[in-house]
1. May I have the count of lysine pairs in the stretch 2-73 with C-alpha atoms under 27 Å apart, counting pairs 8 or more residues apart or located on different chains?
2. Output the direction-averaged projected area (hull surface divided by four) of the convex hull of the alpha-carbon atoms of the chain, in nm².
Amino acid sequence: MLAAQEDVKDFIAEGRQYLSCVKNKEAELAKDASTEERQAIVERYNAMVDKMKTASNQFNQAVNEYQKNLEEAE
């Protein structure tokens, strides 16, 4: 469980770096980007946020199930 926690933390940290890059790219293209390019950037950003939320939620659910199983075993 601790290894999974570290993996999730690493994924979230890398996701934050990716989001920062996406924001920088958006700022860089702000004046010159087409509507389609802006939409693609927003979609990439939102997709990563969704992946980060999903990973966190799945891990939290696994922790809750693990704790429940421990309590039932006592």
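1. Value for the stretch 2-73: 12.
2. 5.3 nm²
Bear in mind that the values in this text are calculations on the coordinates, not laboratory data. As the structure is a prediction and not an experimental result, all values here were calculated from the model.
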